[in-house]
Amino acid sequence: MFNFLDASMVAAARGRVSSLRWRLTIGALFAAGAAFVLNSISAGLGWYLAILLSMGFDYMLGNSYLDARGEAEKRTAGALFVCGCLFSIMIFCAMPMVLSAFGGRSGRVLGVLMAASSLVSVMLFTFQSTRFMALCAVPSTLVLLAMPFIPFGQAPSDAYQGAIGVGCGVVGFLAYIGRSALNNTQMVNAWRAANQAAKDRQLEAELKRAEAEEANRAKSEFLAVMTHELRTPLNAVIGYAEIIQEDLEADGRKELADDAARISGSARHLLGLIDQILSLSSVDAGRDGLSPRDVDVRKMLEEAVHALRDEAREAGNRISLRVEPDAEWAYTDGGKLLVCAAAVLSNAVKFTSNGLIAVTAAREEIDGRNHLVISVSDTGVGIKAEDIDRVFKPFTQIDGSSTRAKGGMGLGLSIAQRMAQTLSGEVSAVSEFGAGSTFTIRVPMRLAQGQAQTTTCAAA
């Protein structure tokens, strides 16, 4: 029966509780009017005392509902509050029936005004809960519908008393209407203020977002410039280290040649990290435009595999490559696709030991469009299900400890995802912890120029 109890009824309860003094004042006007129309002070006073008790009961139950804690206690108190409201409204509607039956013509007019005021009161204080308002409006509505069918006789009061009684009813009715208008004005003003505050907050949020985007773009531009500046001396270090290594090997000084090789290897590793930062900052800064062209997919993947062959051999891994005949050519940005594939392949090599890494390329139709699908499967350590989404976040390592076994900055897969998204594609992963992983790159076989511009703007 009381399944309509909800949060909106709390506002209705507050309205009825706070309006007790107002309703009692208006009730006094109607009680005086009834006393004049019925020519009986005891009738008006008795009815007002009944209204006083019922409204006090209503006030007590309303506060009990507002103070209730817990779902069960709230529902019990709410049900009692509804019963109290209905009882109070029925007491208020009882007098219009009496006035219609025994008050003559002036009693009929005063009864209509009282019943109509009861409806206004319901709409004024319980409009926040529509179903509660509909239930509370039932008694007054029934009274108004029944009045035409109630026979009335000679009025017990004279015309002068009847006029005063109707005048009290008019004042009471106008008071309810005025309170309703005032309440609606306050409500509209509150809505306008809330709407303006929401607009101000939205504008402030947009300004802060613009400032954050500008700061992020400035940071990315700074990183792009710095990485360019770091690459120049680092390439010189690699070049001189290789020359020294060759000279030492020619002189038969193997130990010193190995030291030079270590210098060269460390410098190349550092260069690779700088290249990752450069790729990430270029995408963030919006500088990395697209250059679609015909790409030999087989040759591109062979270059990526060849670049990692030595590292894979040191870890005891074997790499296999298979390209389907219908996936050997694609029209896309070959440089970005190579970076994406190399990052995924490097991740497989890094986390696989004495295992197999299978690289395949095929064509797949997705939503009516042909896509190039490059899959890199490994037999490495695998990824836990709850960690799969984390691997694509920049600067994130699944093993975040300072003693983690694998190095790197956690940028490889993030760069791969961003590059794939720039090419209107994506990188996805499936894995079984301890049994290996499969990373899949999906990009359109043919990247339209319009798509390229749109995607570039989105990446920026």
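The values are calculated or read from the model by the stated rules, or taken from the named source; none is laboratory data. If you're wondering where the values come from, they're calculated on a predicted model, not measured in any experiment. Note that we place each Cβ from the backbone using ideal geometry, even for glycine, and neighbour counts take in every protein chain shown. Ligands, DNA and RNA are stripped out before the accessible areas are found, and what is left, the full protein with its side chains, is counted by its heavy atoms. Shrake-Rupley method; radii C 1.70, N 1.55, O 1.52, S 1.80 Å.
Bridging of Lys299 to lysines at a Cα separation below 18 Å is possible for Lys336, once same-chain residues fewer than 8 apart are set aside. Quantify, in whole percent, the carbon and sulfur part of the accessible surface of segment 115-254 (1.4 Å probe; protein heavy atoms only). With neighbouring chains kept in place, the figure for segment 115-254 is 63 percent. Percent of C-alpha pairs per 5 Å bin in segment 139-230, short distances first: 2, 9, 6, 9, 9, 8, 6, 5, 6, 5, 5, 4, 4, 4, 3, 3, 3, 2, 2, 1, 1, 0. For Lys208, the lysines whose Cα comes closer than 21 Å to its Cα, not counting residues fewer than 8 places off in the same chain, are Lys199, Lys219. Using +1 at the C-beta of Lys and Arg and -1 at the C-beta of Asp and Glu, which of Gly169, Val188, Leu207 has the Cα lying farthest in the positive direction of the dipole of segment 167-220? Of the listed residues, the answer is Gly169.
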